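Each value in this text was obtained by applying a stated rule to the coordinates, not by laboratory testing. Since the model is a prediction, treat every value here as computed from it, not as a measurement.
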Amino acid sequence: MEKKNNSESIGENEFLRLVHDVQQGDTAAMEELLDMFESDMRLLSKYIPMPEEDALQSMKLEFITLIKNKVLDQKGSSNEGE
């Protein structure tokens, strides 16, 4: 059975702060977010019909794009201003 690492859990305010920092160009905040979701992405990559590392890289790229290009309001919902 796979162990869960609960030390990676953070509060909503901390998550939103990291997202804001990433949107301001903070690469350390981006690395922290990627590290938090790495195990989930690795697990999900097993279900994508492509080599695991390619699937992982694709998910990371989409995650980075999502974080950098989306604006989150105080409640955490997407608000693109369209």
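Annotations for the structure displayed:
- Extension gain, LYS60 back to ASP26 (0.36 nm per residue minus Cα-Cα distance, nm): 10.6 nm
- Extended-chain gain in nm, criterion 0.36 nm per residue less alpha-carbon gap, ASN13 and ASN69: 18.2 nm
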